[in-house]
Structures are given as C-alpha cells and as structure tokens.
Amino acid sequence: MSDGGTGAESGSDPPSNRPEGDPRPRTPALLRASWWRDRTQQLTAWLHAVHASLESRFPVITGLVDRLVSVNIFDSATRIAAQCFLTAVPLLFVFGAYAPEAVQEQVTTSVSSVFGLTGDSKAQVEQAFAPASDDLRQATGLVGVLMVLLSATAVSRAVQRLCRRAWVLSRTESKVAPWRWLAWIVLWLGALILQGLLHNGFGRGAELGAPVILVIQVVMWWWTQHLLLGGAVRWPPLLPGAVITALAVSALSVTAHFYMPRALNRALAGYGPAGSVFVLLSWLIVVCVAVAVGLSVGAVLSQEPFLRRRLGTPKSPPGVPEDGDRKS
C-alpha cells in the first residue's frame with residue numbers, strides 16, 4: 001500500500017489516467033507536450049499584452065515596426081535591386097550605345113559622378129558605354145531593344161509593389177495602366193542622364209548641385225508614389241515619404257563617393273568584372289533598403305495626428321478599415 005501511495009503522489013499522470021499503485025517513474029515536466037503547449041500559450045498572451053501596452057504608449061514606434069514587418073523590407077529591397085541589375089542596367093547600356101554621341105558622353109559622366117568613379121572602374125564604364133558597332137546594332141535590332149525596354153518595366157512593377165505594401169493597398173486599389181511603368185522608366189533614365197550636370201551645379205560647383213539634387217530627388221519620389229499607385233493616395237500624404245527617401249538616397253550618394261571607387265577598383269584588380277558585379281549588386285541592395293524604409297516610414301508618419309491634420313490624410317491607410325486599428 002505504501003508503494004502504491006507513493007507512486008500515485010509522485011506520478012505525472014492525472015489520477016483518472018494513472019492507475020493507483022502504478023510503479024512507472026515520474027515523467028519530467030519538460031518532456032511533456034502539454035507543458036510546452038501551456039507555456040507557448042502563456043508566452044503568446046504575454047507578447048500580445050506587451051505589444052498592446054507599447055502601442056498605447058508609443059503608437060508611432062509600434063506603427064513603424066508593424067509597417068516595416070508587413071512590407072518585408074529586405075525581401076522587397078532585394079527584389080528591386082535584382083530587377084535593377086538584371087533589366088534596368090542592360091537597358092542603360094543599350095540606351096547609351098544607340099543614343100547620339102553627346103548623350104553617350106553625358107551618360108558616362110553621370111554614372112561616374114554618381115559613384116565618384118576613378119581609375120579602372122571609370123575605364124570600365126567608358127568601355128561599356130562606347131559607341132556600338134554596326135554589327136552589334138544589326139545583331140540587336142529594334143525588336144531586341146524593345147524587348148529590353150519592356151523587360152525593364154519589371155523594376156517599375158517591383159517599386160509599385162513596394163509602394164502598395166507601404167500604404168497597405170490591395171491590387172485592385174492600386175491597379176495602374178501599363179503606360180505608367182514605361183513613363184517611370186523614361187523619366188528616371190532622363191534624370192540619370194542629367195546627374196552629371198546636376199552634381200556640378202550646372203558648372204557652378206557642388207555647393208549648388210547638392211541642394212538641387214535633393215530637391216529633384218524629393219520631386220521624383222513624390223511623383224513616383226503618385227504615378228505607381230494610380231492616384232489611390234492624394235499628393236499631400238505622399239510628401240513625407242518622398243522627403244525621407246530623398247534624404248536617405250542623397251546621404252548614400254555622398255557615401256558612395258568614398259566607398260564605391262575603392263571597392264570597385266579593388267574588386268576589379270582581385271576578381272575582374274565578376275568582382276565589380278558583386279560590389280554593384282550589394283550597393284544596389286543597400287540603396288533599395290533605404291528606399292523601402294523611407295517610403296514605409298513616410299506612409300506611417302503621414303497617419304499620425306500632427307501630420308494627418310495638416311496633410312489631410314485619412315485616419316487609416318486606404319487599405320485598412322477606418323476604425324484605425326492596427327494589426328497586432
């Protein structure tokens with residue numbers, strides 16, 4: 001009887017499931033599935049309570065974190081960078097090869113100015129944008145050029161998806177005509193061609209060029225959101241995202257002058273053209289991360305009371321119910 005009583009008291013099973021006097025040893029709590037299930041439920045409930053508490057005390061911070069998670073910053077940035085490298089860069093080469101000689105020189109100057117290229121890296125850019133031979137033009141043909149142009153719209157679509165996620169819009173709410181993708185590509189190509197003149201302040205120095213580029217960046221990202229969202233969001237609420245993105249991209253442009261020339265020249269010397277591909281793609285990912293963060297942060301900030309009253313922003317993003325409840 002004493003053995004049976006001891007077994008019942010020390011056993012881990014309920015009395016209904018464990019017969020009295022069962023001599024089996026006690027199962028440790030950590031090995032029981034029910035113990036882990038209970039602890040998981042308690043942890044989940046605690047995390048929800050912490051999130052709700054933080055949301056009430058720091059609504060801006062929690063709103064930013066929630067939006068950045070929903071946008072999936074690194075995934076979106078990597079997709080845009082890959083599309084830029086695989087489609088937009090070949091389009092730039094084709095454009096530079098078929099454009100008039102004066103435009104080709106301006107493209108080379110602009111790319112070198114944006115990255116501050118010198119030495120081998122600058123020579124590589126000049127070689128890439130050298131005038132195309134007649135044989136190359138015949139091999140490529142008009143159909144090939146059009147295919148490159150159409151494939152470059154993949155970048156436009158990737159940026160559109162980013163804008164749509166930043167503003168919590170569905171596909172139907174941000175459905176746009178295909179001409180908007182082409183218009184976005186054409187305008188950014190034009191802006192890139194003018195970068196050399198802008199960086200030099202149209203001959204007056206970088207002191208004038210820097211603020212001019214910043215203003216143009218703000219206008220470009222402001223227009224980008226409105227164009228690729230198909231007007232689903234009014235102009236004023238889009239301004240914070242445009243300003244933040246322009247500041248981030250401009251800061252990275254300054255950093256590129258110190259990092260890219262050394263990195264590209266070192267990669268070319270050590271690994272050849274393959275090394276420059278890795279450096280350029282890595283830098284594109286960094287820039288695209290800055291763009292994704294800037295647009296997402298701007299969308300959240302435009303919903304906060306201070307800016308919402310001044311910009312006329314709806315209480316909730318267009319894709320969220322008007323009660324303003326954020327997803328927990």
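The values are calculated or read from the model by the stated rules, or taken from the named source; none is laboratory data. From a predicted model like this one, the values you see are computed outputs, not experimental measurements. Cβ placement follows ideal geometry from the backbone for every residue including glycine, while neighbour counts extend to all protein chains displayed.
Details
- Subset of the range 182-212 (residues that are farther than 16 Å from Val89 by Cα and modelled with pLDDT of 85 or more): Ala183, Pro211, Val212
- Matching residues, the range 146-174, being surrounded by fewer than 18 Cβ atoms within 10 Å (Cβ to Cβ), part of a helix (DSSP H, G or I) and among the hydroxyl-bearing types (Ser, Thr, Tyr): Ser151
- Residue match in the range 89-108 (condition: farther than 18 Å from Leu149 by Cα and of a type in the set (Ser, Thr, Tyr)): yes
- Test for Pro237: is it in contact with a Pro (Cβ under 9 Å, 6 or more places away or on another chain) and either farther than 27 Å from Leu146 by Cα or of a type in the set (Ser, Thr, Tyr) (or both): yes
- Within the range 213-314, helices (runs of 4 or more DSSP H) holding 2 or more residues that are closer than 26 Å to Thr153 by Cβ, modelled with pLDDT of 90 or more and assigned by TED's automatic domain parsing to the domain that holds Val69: 235-271, 273-301
- Restricting the range 67-79 to residues that are in contact with a Lys or Arg (Cβ under 9 Å, 6 or more places away or on another chain), crowded, with 18+ Cβ neighbours inside 10 Å and not basic (Lys, Arg), the residue that is nearest to Ile285 (Cα to Cα): Ser76
- Residue within the range 238-253 that is aliphatic (A, V, I, L, M) and surrounded by fewer than 15 Cβ atoms within 10 Å (Cβ to Cβ) present: yes
- Set Ala132, Ala88: member being more than 29 Å from Arg266 (Cβ to Cβ), of a type in the set (A, V, I, L, M) and at pLDDT below 80: Ala132
- In the range 102-116 there is at least one residue that is loosely packed, with under 11 Cβ neighbours inside 10 Å, modelled with pLDDT of 75 or more and assigned by TED's automatic domain parsing to the domain that holds Thr153.
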